[in-house]
Amino acid sequence: MPLQYQETPIQEICDGEIQRAGVRVIIKREDLNHALVSGNKWWKLKYNLEEAVQRNFKTILTFGGAYSNHILAIAVAAHELNLKSIGVIRGEETLPLNPILSFVKNQGMDLVYVSRSAYRSEKTSDKYAKKFGNPYCIPEGGSNLLAVRGVADFALTLNCHFDYICCAVGTGGTISGLIEGLSDEKKIIGFPVLKGAEFLKQDIYKLSAKSKHASNWELMCNYHFGGYAKTTSQLNAFIDDFRTMHNIPLEYIYTGKMMAGS
Ligand SMILES: *Cc1c(COP(=O)(O)O)cnc(C)c1O
């Protein structure tokens, strides 16, 4: 794999609530696997980057919102591999650029802005591929079959004992990879970070053929705390306490909601 990878530890945490529940909780610190393309983002890109390089693509194109970590991951990965990158961004350009967009621009990413209404339909068409000379295209959130294969590889690296595994769910690629990569005795619990996430099941069926028949996974749809990138004072307090108690940083978009739900 051309993108750098740092081995990551597992960390057991304990507090009164965990003790009372009579369970053990271990956290795989996959957030530490790369300085900028970290966690599941690294694994989701693994085979996509390999494919882009092997098939001699010079440019990677992808889609995302103005604060998207996925856009950031693609810009950094493309820069590291000497590929060009294009980010198709939802909404009008706002100046000065926010920290993420100004960072990706510095990494060499070209930004193309699309109105919110057009973005919806155009992000799944090949309009931009044609317009920009057929770059390697990665969907919004990076969830395609190669991403699922990458996360399934991650699942194989988990050689500690566990019965349940929890993850946050955005577009469903990560949980699909866990379903594909783990044996049927493991229970997989996903915490969608957006409101009304029941539709995600259909997306997961498309990404993981195994998921349709497997009964070892489920989605907990009541921990979105108001919706994507929304937070509450209760969630913020939970994240602060968690850092104080366990010295582990959570954020309010994904991991904070997943831990609060777990
Ligand atoms: C991006 C991200 C997700 C969302 O993954 P999907 O494959 O889109 O479901 C979940 N958790 C964390 C920590 C993330 O950074």
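Filtering the stretch 209-262 down to residues that are touching a helix residue (DSSP H, G or I) at 6+ places or on another chain (Cβ under 8 Å) and basic (Lys, Arg), which residue is nearest to the ligand (Cβ to nearest atom)?
257
Taking into account only those residues within the stretch 151-208 that are more than 20 Å from residue 31 (Cβ to Cβ), more than 11 Å from the ligand (Cβ to nearest atom) and among the acidic types (Asp, Glu), which is surrounded by the fewest Cβ atoms within 10 Å (Cβ to Cβ)?
Of everything passing the filter in the stretch 151-208, 185 is surrounded by the fewest Cβ atoms within 10 Å (Cβ to Cβ).
Which of the residues that make up the stretch 246-262 are closer than 15 Å to residue 14 by Cα and surrounded by 12 or more Cβ atoms within 10 Å (Cβ to Cβ)? Full working, then the answer.
Here is the first cut: in the stretch 246-262, the ones closer than 15 Å to residue 14 by Cα are 246-248, 259-260, 262.
Once the filter is applied, which keeps residues that are closer than 15 Å to residue 14 by Cα and surrounded by 12 or more Cβ atoms within 10 Å (Cβ to Cβ), the stretch 246-262 yields 246, 248, 259, 260, 262.
Of everything in the stretch 108-139 that's among the basic types (Lys, Arg) and surrounded by 12 or more Cβ atoms within 10 Å (Cβ to Cβ), which residue is nearest to residue 45 (Cα to Cα)?
Only one residue tops the list, namely 123.
Only residues in the stretch 19-41 that are part of a helix (DSSP H, G or I) count as the first member; pair them with residues that are more than 12 Å from the ligand (Cβ to nearest atom), Cβ under 7 angstrom, at least 6 apart or cross-chain, and list the lot.
30/8; 32/6; 32/8
Being assigned to a loop (DSSP other than H, G, I, E, B), touching a residue at least 24 places away in the same chain (Cβ under 8 Å) and not charged (D, E, K, R) is the filter here; which residues of the stretch 157-181 pass it? Walk me through how you get there before you give the answer.
Going residue by residue through the stretch 157-181, those that are assigned to a loop (DSSP other than H, G, I, E, B) are 157-163, 170-172.
If we keep only those that are touching a residue at least 24 places away in the same chain (Cβ under 8 Å) as well, we get 158, 160, 162-163, 170-172.
Listed by number, the residues that qualify are 158, 160, 162, 170, 171, 172.
Checking residue 147 against (1) under 24 Å from residue 119 (Cβ atoms); (2) in the same structural domain as residue 253 (by TED's automatic domain parsing), which single condition isn't satisfied?
Single failed check for residue 147: (2).
Filtering the stretch 87-107 down to residues that are more than 22 Å from the chain's Cα centre (by Cα) and assigned to a loop (DSSP other than H, G, I, E, B), which residue is surrounded by the most Cβ atoms within 10 Å (Cβ to Cβ)?
97
The values are calculated or read from the model by the stated rules, or taken from the named source; none is laboratory data. For clarity, every value in this text was computed on a predicted model and none was experimentally measured. Here the Cβ is made from the backbone with ideal geometry for all residues, glycine too, and neighbour counts use every protein chain on show.
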